[in-house]
Amino acid sequence: MRADNRLAIGELARRTGLTVSAIRYYEAEGLLAAERNSGGQRRFFRSDIRRLSFVMIAQRFGFTIEQIRKQLEALPQGRTPTKADWTKISRGFRSELDTRIDTLVRLRDNLDGCIGCGCLSLRKCTLYNPEDRARSHGSGPRYLLGDDPPNVDD
C-alpha cells in the first residue's frame, strides 16, 4: 500500500474492470478527479472505486453521463461516501427507475395487445382504440407510454 493511500490509474482500472481510457474519459467528464504526484502521474482516491462502480451501474440502467454527474456532485471528493451519502444519491434515481419499471411492466403485460399506436390493424384495437382515439393523446404507442386505454371488456 502506498504511503499516500492513492491509486495509480492502472490499479484503479484493475480494481474496477474499466480500461484506462474509460477512466480518463470519466475524469474528463467530471465524474471523478485525479490528483497528480510529483512525477505528474494521476493518483485517485480509493473511494473512486465505488464512484466508478456507481457510474457503471447507472449507465447499465440507461442513465446519461449528465444525469450521473449531477448525482455524483452530491458526493464528497476525497472522502469515502457514507451509507447516508449513498442513500441520498439513490433517492435521486429512484423515481426515474420506478417510472421505467412501470413502463416495462406495462410493455410486458400488453405487448400482445393494443398499444394505442393508432394503426387499427388488429381486430382488438377497434375495441381499445375505437375511431383512433389514442391519436388525441399524441403520436406513438400511447398506452405503453402511460396513457390509459378506455375501459372495455375483452
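Points to keep in mind about this one:
- Among the residues of the stretch 88-113, those that are of a type in the set (Val, Ile, Thr) and farther than 19 Å from Ile49 by Cβ comprise Thr99, Ile101, Thr103, Val105.
- Looking across the stretch 31-75, the residues that are without any contact (Cβ under 8 Å) to a residue 40 or more places away in the chain, surrounded by fewer than 17 Cβ atoms within 10 Å (Cβ to Cβ) and not in a helix (DSSP H, G or I) come down to Glu35, Arg36, Asn37, Ser38, Gly39, Gly40, Gln41, Phe61, Gly62, Thr64, Glu73, Ala74.
- Of all residues in the stretch 95-113, those that are over 14 Å from Gly62 (Cβ atoms) have Cβ atoms under 9 Å from Cβ atoms of residues that are hydrophobic (A, V, I, L, M, F, W, C) and surrounded by 10 or more Cβ atoms within 10 Å (Cβ to Cβ), 6 or more apart or on another chain, in Arg106/Leu144; Arg106/Leu145; Leu107/Ile115; Leu107/Leu144; Asn110/Leu144; Leu111/Leu144; Gly113/Leu122; Gly113/Cys125.
- Within the stretch 48-88, the only residue that satisfies the criterion of being in contact with a Lys or Arg (Cβ under 7 Å, 6 or more places away or on another chain) and within 14 Å of Ile23 (Cβ to Cβ) is Ile49.
- Among residues of the stretch 56-81, those that are modelled with pLDDT of 90 or more and within 18 Å of Leu7 (Cα to Cα), counted: 0
The values are calculated or read from the model by the stated rules, or taken from the named source; none is laboratory data. Keep in mind that this is a model prediction, so the values were computed, not measured. Here the Cβ is made from the backbone with ideal geometry for all residues, glycine too, and neighbour counts use every protein chain on show.
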